[in-house]
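Inspection log for the structure reproduced underneath, given as structure tokens.
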Amino acid sequence: MTVAAIPFPDNIPDEYQWLDNEPAFNPKEHLALEAPASLCYLSELGYDEQEISTKATPVAASSPFRVLSPKGAEILLNTARRLRQHAISCERIDNMVRGGCYRSRFLRDLCIDPSLTQLMCEIYQTDVAPHTMPLHLGHMNFSPDKLEDAVDKWHHDTLPLDIVMMVTDPATLDGGEFEYFLGTKAEMAELAKHGRQPPRERVVQASFDGPGYAIALHGNMVVHRGAPLHTPAERISMVNGYVSTNTALDDQHRHKDLTLVDPPELLYAEWARHAAWRTKGKLESLLEQLSYTSDRKLVAQQLESALTDIHQAIADMKDDGDHKMHHYEKH
Ligand SMILES: [Fe+2]
């Protein structure tokens with residue numbers, strides 16, 4: 001399935017202006033999609049069957065594969081440089097641009113392209129859609145201000161699935177590799193408790209053949225980072241989010257972390273729509289599948305469980321307590 005779970009919104013807040021003089025995204029000209037040569041599975045990282053069964057896909061990561069043609073990669077680099085002026089920083093990442101798809105039609109149309117989404121369905125071996133929340137589309141990371149800082153610290157994502165694409169040419173970089181840990185989140189939490197990083201022999205470094213190459217990641221389950229650069233350089237990567245279209249599966253988000261980085265005029269409406277979309281899917285399943293029974297508690301429990309995402313979103317949005325952004329390095 002390659003249709004959008006929620007169509008990209010038309011009613012964008014006034015303060016978001018489209019970049020002028022952008023080339024129109026043309027999949028025939030700008031994409032050069034290739035399937036990855038290999039996949040790594042959550043079971044290889046140490047997750048058990050029960051845990052995997054409620055997640056979007058059993059796939060953990062792919063080997064690097066080509067997404068963009070040289071022309072597509074050139075335009076994306078130019079787009080990223082134009083969006084750089086909107087960069088913000090957070091606890092985890094020194095320089096990033098969120099919401100770029102509200103400013104660049106090229107980036108938006110690349111991120112929601114049906115043929116790219118179809119490739120992602122094949123890689124993840126399940127139906128996925130471009131992320132329901134446009135803030136999770138076309139996220140960009142830029143070089144940190146301090147050389148010794150990681151581009152993005154060891155973490156797992158606030159969303160289930162994504163691709164991580166090199167926008168600048170990785171051959172020009174000394175350091176700044178994309179790395180992931182061949183272990184579980186629980187193992188990483190244990191290492192982090194003792195101030196340790198993943199052992200090198202259990203870290204995979206993605207080797208990208210050029211700009212416009214990406215890896216697919218089950219970002220909410222795979223602990224990963226953008227390593228520090230050894231020499232100052234322009235390093236830009238783009239992260240595009242996806243969701244499983246099966247709303248019965250775990251949500252696999254940490255929406256609350258976004259309150260620390262994202263513009264509120266976008267975030268809360270996007271979050272509410274996501275929760276409404278998940279709940280709609282669950283209510284539709286309930287209408288189709290609810291059986292006759294005299295067990296009133298069972299029926300009440302089914303109703304309650306269909307509303308989980310809405311109730312969680314309401315509780316998180318109303319909560320005024322302190323919240324810290326997740327990552328595995330010292331705060
Ligand atoms: Fe990430």
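A compact table of results
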item	result
Positive-end residue, the stretch 19-162 charge dipole about Cα centroid, Cβ charges, pick of His139, Thr158, Ala87	Ala87
Neighbour-count order for Thr184, Thr79, fewest beta carbons within 10 angstrom listed first	Thr184, Thr79
Compactness of the stretch 27-250, expressed as Rg and Dmax over alpha-carbon positions, Å	16.4, 50
Ranked list, fewest to most other Cβ atoms within 10 Å of each Cβ, for Ser104, Ser294, Ser63	Ser294, Ser63, Ser104
Assigned charges on the beta-carbon of Lys, Arg, Asp, Glu; the stretch 1-93 dipole about Cα centre (debye)	360 debye
Segments 69-76, 193-200, 316-323 sorted - mean Cβ within 10 Å per residue, highest first	69-76, 193-200, 316-323
Convex hull per residue volume in Å³, alpha carbons only, for the stretch 125-213	151 Å³
Residue order, fewest to most surrounding Cβ atoms within 10 angstrom, among Leu119, Leu161	Leu119, Leu161
Among the listed pairs Lys55/Lys153; Lys55/Lys324; Lys28/Lys55; Lys153/Lys282; Lys256/Lys282; Lys71/Lys146, those beyond 29 Å (Cα-Cα)	Lys28/Lys55; Lys153/Lys282; Lys71/Lys146
Cα-centred dipole magnitude for the chain, charges only on beta-carbon of K, R (+1) and D, E (-1), debye, nearest 20	100 debye
For Thr132, distant residues with modelled amide H under 5 Å away	Val243
Mean separation of Cα contacts under 8 Å (6+ apart) over length of the stretch 27-250, as relative contact order %	30 percent
Eligible aspartates and glutamates near Lys280 by straight Cα distance, threshold 18 Å, same-chain separation 8 or greater	Asp127, Asp250, Asp251, Glu270, Glu288, Glu304, Asp309
The stretch 190-331, dipole about Cα centre (Lys/Arg Cβ +1, Asp/Glu Cβ -1), debye to the nearest 20	400 debye
Placed amide H near Thr259: partners under 5 Å, 5+ positions off or other chain	none
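Any read-out appearing in this document is the output of simple, stated calculations on the displayed coordinates, not a laboratory observation. Computed from a predicted model, the values in this text were never measured in an experiment. Cβ: placed from backbone, ideal geometry, glycine included. Neighbour counts: every protein chain shown.
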